[in-house]
Amino acid sequence: MSSTTEYIVHHLTHNNVLISGKSGGFWSIHMDTFSMSLLLGFVYLFIFTLLARRAKVENPGKLQLFFELILDMVSQQVKDVYSGGKSKVIVPLALTIFCWIFLMNLMDLLPVDLINFSNNMIGTPGAKWRAVPSADVNATFAMSLSVLILIIGYGIKAKGLGHWLYELISAPFGIYALPINLIFQLLELVTKPISLSLRLFGNMYAGELIFILIALLPWHSQWLLGVPWAIFHILIITLQAFIFMVLTIVYLSMATQKH
Amino acid sequence: MEINATLLGQAITFAILILFTMKFVWPPLNNMMEERAKRIADGLAAAEKGRHELAAAKSKIEEELRHVQLRATEIMGNAERRSDQIINEAKNCAIKETEKIHNAAMAQIEQEVTRSKEQLRMQVSDLVIKCAQQILKVEINQERHEAILASIKSEL
């Protein structure tokens, strides 16, 4: 039984590199999350930059059409949802979020023991390496807090600093209910990134955990649960990326609307 | 679930990805797709314009055709009228000519008749005188009855 626990714990422990201070403090970094997401970010940029360079107005290839489908979906979502006028940031932001999160989530479909297998192959047996960056709260919070900064920035840009601060204390109950308004507004601001990041983190973490549990079954019956869960997970990873993107657009759209 | 400096690294990566997308990915792709949308819209507009032009040309052709038909009918009518006129004129002319010829012939005949009558009268009077001379050989004195004979001659 202890080996089972060890197996699970091993699979759920990050490759932690201390920068300074003592272990368990803030100044350490998850090398697995960081390098995997960076790599996937470069994969995304590489594909889309190549696409942008080779894009043709006439006679687009099948690959171009496929990526145009994604672009169209994203820009259509922005058009439908975002009501803050023209913005140079929002479509690239939404596209980045969707593609990056999708790629990070996609790592969930790698067999859970593939990393250990390759660790053994490259001569670092037993090294801890979690392949799914979006199952790390640091990754999801980094994105959602960046979105929070954008929400605040968009609000100030659309309303002006004075009006934005005024709304912080006057909406929704009027200026005389100042403390309640402030609490409500701050709660609203804070819950947005938390719900964004925890939703994505929870889904991916749970998905990963279930893959790990399935991996504990005898090898001849793993496919019975593994195949349906993997197929279901294809839907989930796409859906979670989509939800994160759409909610970001919605929040930014809300930030530009006056009360 | 521990928060650590990974968060900062992730945020920086995120920011870089967004900036790169804003600078190098989205604008060219967006331009390309807008260009294509514009071309499609232009093409559709051109097709629509072409259809309109075709319809206009068709109606113009029809009008022209109607006009031409009208003109043709008019020309045909004119030609018929003209030919009728020419025929009538020719007929009238022919009738006049015929009358003239007829009249001339009549006059000639009359003249001929008069001349023949004159000749005949001369011959008859000569014959009568000869007869009378034969009958009255003895009794008639040429000189005495000269006046009578002349009056008879003129009466014949």
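Would segment A:216-224 turn up any residue that is in a helix (DSSP H, G or I) and surrounded by 13 or more Cβ atoms within 10 Å (Cβ to Cβ)? Talk me through it step by step, then tell me what you get.
Step one: filter segment A:216-224 for residues in a helix (DSSP H, G or I), giving A:219-224.
From the residues that got through so far, the ones that are surrounded by 13 or more Cβ atoms within 10 Å (Cβ to Cβ) too are A:222.
Yes; the residues of segment A:216-224 include at least one that is in a helix (DSSP H, G or I) and surrounded by 13 or more Cβ atoms within 10 Å (Cβ to Cβ).
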- Item | Selection count where residues are surrounded by fewer than 16 Cβ atoms within 10 Å (Cβ to Cβ) and in a loop (DSSP other than H, G, I, E, B), scope segment A:97-126 | 7
- Odd one out for A:Phe211, checked against (1) within 14 Å of another protein chain (Cβ to nearest Cβ); (2) crowded, with 21+ Cβ neighbours inside 10 Å; (3) under 22 Å from A:Ile115 (Cα atoms): (1)
- Matching residues, segment A:142-197, being surrounded by fewer than 19 Cβ atoms within 10 Å (Cβ to Cβ) and of a type in the set (Phe, Trp, Tyr): A:Trp164, A:Tyr166, A:Phe173, A:Tyr176, A:Phe184
- Subset of segment A:1-43, residues within 24 Å of the chain's Cα centre (by Cα) and within 7 Å of chain B (Cβ to nearest Cβ), comes to A:Phe26, A:Trp27, A:Ser28, A:Ile29, A:His30, A:Thr33, A:Phe34, A:Ser37, A:Leu38, A:Gly41
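Specify which of the listed residues (A:Leu187, A:Leu150) is in contact (Cβ under 8 Å) with a residue 24 or more places away in the chain and under 23 Å from the mean Cα position of the chain (by Cα).
Numbers: A:Leu187 fails: in contact (Cβ under 8 Å) with a residue 24 or more places away in the chain.
The conditions single out A:Leu150.
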- Query: Taking into account only those residues within segment A:61-96 that are at the interface with chain B (Cβ under 8 Å from one of its Cβ atoms) and outside any helix (DSSP H, G or I), which is farthest from B:Glu35 (Cα to Cα)?
  - Reply: A:Val89
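It is to be established whether one or more residues within segment B:111-128 are among the small types (Gly, Ala, Ser), surrounded by 10 or more Cβ atoms within 10 Å (Cβ to Cβ) and modelled with pLDDT of 90 or more. Write out each step before concluding.
Here is the first cut: in segment B:111-128, the residues among the small types (Gly, Ala, Ser) are B:116, B:125.
If we keep only those that are surrounded by 10 or more Cβ atoms within 10 Å (Cβ to Cβ) as well, we get B:116, B:125.
The next check asks that each one be modelled with pLDDT of 90 or more; those that pass are B:116.
Yes, some residue in segment B:111-128 is among the small types (Gly, Ala, Ser), surrounded by 10 or more Cβ atoms within 10 Å (Cβ to Cβ) and modelled with pLDDT of 90 or more.
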- Message: Anything in segment B:1-28 that is in contact with a His (Cβ under 9 Å, 6 or more places away or on another chain) and either surrounded by fewer than 19 Cβ atoms within 10 Å (Cβ to Cβ) or more than 7 Å from every other protein chain (Cβ to nearest Cβ) (or both)? List them, or say none.
- Response: B:Glu2
- Message: Given the condition among the β-branched types (Val, Ile, Thr) and under 30 Å from B:Glu2 (Cβ atoms), answer yes or no: does some residue in segment A:77-98 qualify?
- Response: yes
- Message: Quick test of your reading of the structure: A:Leu63 fulfils all but one of (1) under 26 Å from A:Ser37 (Cβ atoms); (2) touching a residue at least 24 places away in the same chain (Cβ under 8 Å). Name the failing condition by number.
- Response: (2)
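Considering only segment B:29-61, how many residues are within 14 Å of chain A (Cβ to nearest Cβ) and more than 30 Å from A:Thr140 (Cβ to Cβ)?
Kept after step one, since they are within 14 Å of chain A (Cβ to nearest Cβ), are these residues of segment B:29-61: B:29-43.
Checking the rest, the ones that are also more than 30 Å from A:Thr140 (Cβ to Cβ) come to B:31-43.
Of the residues in segment B:29-61, 13 are within 14 Å of chain A (Cβ to nearest Cβ) and more than 30 Å from A:Thr140 (Cβ to Cβ).
Please determine, by comparing only the residues of segment A:49-60 that are out of contact with any Phe, Trp or Tyr (no Cβ under 7 Å at 6 or more places or on another chain) and within 7 Å of chain B (Cβ to nearest Cβ), which one is farthest from A:Lys128 (Cα to Cα).
Of all residues in segment A:49-60, those out of contact with any Phe, Trp or Tyr (no Cβ under 7 Å at 6 or more places or on another chain) come to A:50, A:53-60.
Filter once more, so that each one left must be within 7 Å of chain B (Cβ to nearest Cβ): A:55, A:57.
Values: A:Ala55: 41, A:Val57: 47 Å.
Top of the filtered list is A:Val57.
The values are calculated or read from the model by the stated rules, or taken from the named source; none is laboratory data. As the structure is a prediction and not an experimental result, all values here were calculated from the model. FYI the Cβ positions are ideal-geometry reconstructions off the backbone, even for glycines, and counts take in every protein chain you see.
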